[in-house]
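The values are calculated or read from the model by the stated rules, or taken from the named source; none is laboratory data. The structure presented is a predicted model; accordingly, all values stated were derived computationally and were not measured. Here the Cβ positions follow ideal geometry from the backbone for every residue, glycine too, while neighbour counts run over all protein chains shown.
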Amino acid sequence: MRMTQRARNATIAVVAATAIGASGVAVGAAAAPAPASNPAATAAASPAPASTTPATSASTAGAGTERASYADVVRRVLPSVVLISTTEGLGSGVVLDKAGNIVTNAHVAGDATTFQVQVAGDAAPRSAQLVGSYPPDDLAVIRVDDPTGLKPARFGDSAKAQAGDVVLAVGNPLGLSGSVTSGIISATGRVVTEPASGDGRPGATLPDAIQTSAPINPGNSGGALVTVAGDVVGIPTLTASGSQNGASVQGIGFAIPSNLVRDIARQLVGSGHVTNSHRAAIGAQVGTVTGEDGTPDGTGIVAVTNGGPADKAGLRPGDVIRTAGGTSTPDTQALATALAAADPGDKVALEIVRGTERLTVTVTLGELPAS
């Protein structure tokens, strides 16, 4: 069975959240395609033995004191991370509550509505059902039929995460249950776009991803990125792959920040849908315009939502968006990443081509529709 992981050896260009990054394209800033995360050995930990070296407390670890072991952290977190299997593949999930709700990636859930969940220390898999999925943020919630003994994870405040923090990635890479890798937070606030799915659907654009050096391998998707205090600060979803000037780049993975995870998961658990996306949108259906040489040549407006931001700004079907906020938008992914860095209510100047005219139109952004 294949591993479900669009962490997945995709070629990604990444830049700061105030700029733009897109899958396979460096847009608006110098950003190099980077490849598969560090192939350092993944440490299986199920269950981890007691450390013979006294562990430094989480409050002092990283503050000039080198910690010899994270075995206590692993023991605390492993029961909250599960293996999820569908007919399409394997992935990971994190227990949200004692009611049996588990958060994972939307690409792990895929089109499935039923799942098998393997809980640490329990040999028998448990059946689970889909609660809801929100692909724009690559998040989904499933619920096991029997929540007996489930241990909810402790979620931390991802807004406090900073470059240099030590983190552990806990999941089921390559089907190896309860595996742990370590690294640091390399950066926060990254804008990244996942690769398209096998059926051609565009990947999610994540506006505030955490970049980490902790190896993230196929099957880690939907697992936990945790601090040395055992707090979940992210859900691993993506790893970069590729090369530059013949040299491979390692240790570039991405996780969805825990504050966003909790917000979207809460909405999915409450109603099965996302009612407030917090994501900006122009209120139009768009498609990539191809030039005479077959290369992308702009983002064309196919249809405009009546009364939406584009409609109010005077945009029309047939208009071609060439730049957004001064950044080139040669295709729909480039426009999506530009909007991911903005908030509903922000004003953005769009340079468009309408027939033989080149115009600048200011749009007050609306909100990406809920699920």
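For the structure I just gave you, tell me whether ASP331 is more than 30 Å from SER92 (Cβ to Cβ), acidic (Asp, Glu) and in contact with a Pro (Cβ under 6 Å, 6 or more places away or on another chain).
Yes, satisfied.
Just to be sure before I move on: is VAL131 more than 19 Å from ASN259 (Cβ to Cβ), assigned to a strand (DSSP E or B) and not basic (Lys, Arg) in the structure I sent?
yes
Just to verify a result, which residue in the range 282-297, among those that are touching a residue at least 40 places away in the same chain (Cβ under 8 Å) and either in contact with a Pro (Cβ under 7 Å, 6 or more places away or on another chain) or part of a loop (DSSP other than H, G, I, E, B) (or both), is farthest from VAL348 (Cα to Cα)?
THR288
Would you mind stating whether ASP331 is over 24 Å from TYR134 (Cβ atoms), among the charged types (D, E, K, R) and either more than 27 Å from the chain's Cα centre (by Cα) or crowded, with 16+ Cβ neighbours inside 10 Å (or both)?
No, not satisfied.
Here is a yes/no grid of residues against (1) modelled with pLDDT of 95 or more; (2) crowded, with 18+ Cβ neighbours inside 10 Å; (3) acidic (Asp, Glu):
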position	(1), (2), (3)
SER158	yes, yes, no
ARG190	no, yes, no
ALA196	no, no, no
ILE210	yes, yes, no
SER221	no, yes, no
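Just checking, how many residues over the range 335-371 are among the hydroxyl-bearing types (Ser, Thr, Tyr) and surrounded by 12 or more Cβ atoms within 10 Å (Cβ to Cβ)?
Here the count works out to 3.
Kindly provide the set of residues from the range 278-304 that are of a type outside the set (A, V, I, L, M) and touching a helix residue (DSSP H, G or I) at 6+ places or on another chain (Cβ under 6 Å), ordered by number.
Passing the criteria: GLY283, THR288, THR299.
Looking at (1) closer than 28 Å to SER177 by Cα; (2) at pLDDT 90 or above, which is the only condition ILE282 fails?
Only one criterion in (1) closer than 28 Å to SER177 by Cα; (2) at pLDDT 90 or above is unmet by ILE282, namely (1).
Quick check on GLY253: is it crowded, with 17+ Cβ neighbours inside 10 Å and small (Gly, Ala, Ser)?
In short, yes.
Can you tell which of LEU174, LEU206 is assigned to a helix (DSSP H, G or I) and at pLDDT below 90?
LEU174
Considering only the range 325-371, state which residues are of a type in the set (Asp, Glu) and free of Cβ contacts under 8 Å to residues at least 40 places away in the same chain.
GLU351, GLU357
Tell me, please, whether a residue that is farther than 16 Å from VAL226 by Cβ, surrounded by 19 or more Cβ atoms within 10 Å (Cβ to Cβ) and not small (Gly, Ala, Ser) can be found in the range 67-78.
Looking for residues that are farther than 16 Å from VAL226 by Cβ, surrounded by 19 or more Cβ atoms within 10 Å (Cβ to Cβ) and not small (Gly, Ala, Ser), one finds none in the range 67-78, hence no.
Out of VAL81, VAL103, I need the residue that is over 28 Å from THR337 (Cα atoms), surrounded by 16 or more Cβ atoms within 10 Å (Cβ to Cβ) and among the β-branched types (Val, Ile, Thr). Which one?
Answer to the check: VAL81.
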